[in-house]
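Structure first, then comments.
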Amino acid sequence: KGGTATALAKNLNAYSGQIEYVDAGHSGKAVRLGNYGLQLNTKNIGTDYTVSFWMKNEEQLVGNQVLALLGYHAPENWIALSGNRVGSVVKFWGNGGAFSTHTTLSTLTLPAMEWHQITITGTDGVVSLYRDGVLVSETTSNNPLSGENADVYLGVNYWDALFVGLVDEVRVYDLAMTQEEVQEQALSEFQAAFAAQAEQALDAADLLAAGQHAD
């Protein structure tokens, strides 16, 4: 879905500078965000959607620093991925519609200088978030992409600090991928990442079991 993306500066102002591409993408070249973000021009997709992209943040995140926003700012009806506080923790949150106030739906980590794929899928009243093919949360949604002005933004919104880092392989669909379809996007890579995480978790569990505070 969609056509050519539009580069926007902070507060969704017009951006007149150069767009920067780098060779060190997840696959080939990637776009570097920092002074601008991207409006994908996929307005009013509807209640069924999938938004998928690879990203690599190049610095520690700060509170509310925007990685992605689905929806619109006036009146507010959106779901977003943003920095939770200084560090690598990211919050998945929303406002408007089903949410009467700013509501955190889940959190996850996106360590700096690592490529990770984010996939957000939605059906009527439900939104699911995946990191590297693993389901992070499935929860109530305010249908952020259903509406005349509703759009997808990467690295920029109306209020907050811009994302600084790389974005690659952006895809938007007017259907909700199943969990199997999300995982099939890069199955071998996801399996290797999951195996590495599981091995690290098992090592930690073995160490804890040998100590007096195993419980």
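Bear in mind that the values in this text are calculations on the coordinates, not laboratory data. In this text, all values refer to a predicted model and were calculated from it rather than measured experimentally. Heads up, the Cβs are rebuilt from the backbone with ideal geometry, glycines too, and the neighbour counts pull from every protein chain shown.
Key figures for this structure:
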item: Under 13 Å, Cβ to Cβ, from A112 - net charge with Lys/Arg +1 and Asp/Glu -1; result: -2
item: Residue-count net charge about S141 - beta-carbon cut-off 15 Å; Lys, Arg +1, Asp, Glu -1; result: -4
item: Cα gyration tensor, segment 63-179 - rounded (a/c under 1.5), prolate or oblate; result: rounded
item: N84 long-range amide H proximity, modeled H, under 5 Å; result: N64, V89, V90, K91
item: Calculated from backbone phi, Karplus (6.51, -1.76, 1.60) coupling profile of segment 139-152 in Hz, x at Gly/Pro; result: 8, 4, 10, 9, 6, x, 9, 9, x, 4, 9, 5, 8, 10
item: Span from the segment 115-149 Cα centroid across to the segment 12-33 one, whole angstrom; result: 24 Å
item: Cα-based Rg of segment 21-78 normalised by 2.2 N^0.38 Å, two decimals; result: 1.34
item: Approximate spin-label separation A9-V86, in nm, with each point projected 7 Å along Cα-to-Cβ; result: 2.7 nm
item: Most mobile of G122, G165, G37 in a GNM of the chain (Cα contacts under 10 Å); result: G165
item: Surrounding net charge for Q183, when Lys and Arg each add one and Asp and Glu each subtract one, Cβ distance under 12 Å; result: -4
item: Segment 1-147, Rg to Rh (Cα coordinates; Rh as Kirkwood inverse mean 1/r); result: 0.94
item: Relative contact order for segment 46-151, counting Cα pairs under 8 Å that sit 6 or more residues apart, in percent; result: 31 percent
item: Spin-label model distance (nm) - N44 vs Q197, 7 Å beyond Cα toward Cβ; result: 3.8 nm
